[in-house]
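Values in this text are rule-based calculations from the coordinates and carry no lab data. Computed from a predicted structure; not experimentally measured. Neighbour counts run over all protein chains shown; Cβ positions are idealised from the backbone, glycine included.
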Amino acid sequence: MPNLRLSVAVGDYDRNRPLIDGAVQIDGVDPVFMRLSPEEIFFRAFRTVDFDICELSLSSFTVKTATGDAPYVGIPAFVSRAFRHTAIYVRTDRIKEPRDLIGKKVGVPEYQLTANVWARAFLEDDYGVTPSDIHWIRGGIETPGRPEKIAVTLPAGVRLDDAPPGATISALLLAGEIDAFIAPRPPSFIAGAPNIGWLFADPVAVAKDYFRRTGIFPIMHLIGVRRTLVEQHPWLPAAVLKAFEASKTAALALLGDTSATKVTLPFVEERLKEARELMGDDFWAYGVEPNRKTLDAFLRHHHAQGLSSRRVTVEELFHPATVASFKL
């Protein structure tokens, strides 16, 4: 039987590169890779279901799972993770600490972005700032008029308004028309701008403390396989997870090879050592069980923030063949 010829849309990350370059194969698949930005992948995946296998926003996928119409089946290969304490930029002349955000205007490119779910979660859990404490302003980071990929109905008491026509949230922050900005990318056009900076003076130290207290390394993206393909080829989800696992393992082996640094950045080996001392050898774990606590926390906040119509369980997100695997 010939291999399946399938499109695969993912970000060009080191953990995906052994797959993209062909060093790692997906059993039974002849892939056509497209290296695209997350924004393009997610928009096309959820609007027109353009890809056979692709990276997915955890938040958008949870929205669709809750309503029962997700066009993709989830695979627990978490190709993007990040502590989002660096995602909050503020007017430093007004905002000195998290509780100063209460009653203020905060820009977001989309309310339901995964990064924003996590930022609202730690603002509430650690600092007592709830979503209803903030007046949210939605707009593009670099171009005006960015819509939500997926329509959401927010709880009573949460105020979300669109940015004025023609305005971006970057420009609004620069002009002082909003007080803060939460997004997975930094504001544009503000290099060297006075009175704009991170909410946390040392966000890395705050994130490390967060991990020590919670054990959570926030998940941003997972992998999805087109549902109609899975129905025809039930072996496919396990094959995809196996391949992404192998690709990540190969990437970490290269990162740990100190004979010649593989990343164009000094002190990479030292940062890798620090990460393993803090988070363990498998600090970027794939699979359900190593990530159950993180996933449970996300799903609880996602529902509490009004983004999922019901409380989704961890098992609902993933194909059964990827929840448990064989052992040698």
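Candidate cross-link partners of K104 among the lysines, defined by an alpha-carbon separation under 24 Å and a same-chain spacing of 8 or more, comprise K96.
Residue ranges 91-97, 266-272 sort as 91-97, 266-272 when ordered by packing (mean number of other C-beta atoms within 10 Å per residue, highest first).
Each residue in V323, V10 was given a count of other beta-carbon atoms within 10 angstrom of its own, and listing them fewest first yields V323, V10. Once C-alpha pairs closer than 8 Å and six or more residues apart are averaged by separation and normalised to the residue number of the chain, the relative contact order reads 27 percent. Within the shell defined by Cβ-Cβ distances under 10 Å, the residues around M220 carry a net charge of +1, with Lys and Arg each +1 and Asp and Glu each -1. Each of V268, L199, Q232 was placed along the dipole of the stretch 198-328 (beta-carbon charges, centred on the mean Cα), and the one lying farthest toward the positive end is Q232. Between (1) 89, 40, 31; (2) 66, 42, 36; (3) 63, 47, 34, which matches Cα extents along the principal axes in Å calculated for the structure shown? Label (3) holds the value from this structure. Among 233-245, 40-52, the peptide with the highest mean count of other Cβ atoms within 10 Å heads the list, and the full ranking is 233-245, 40-52.
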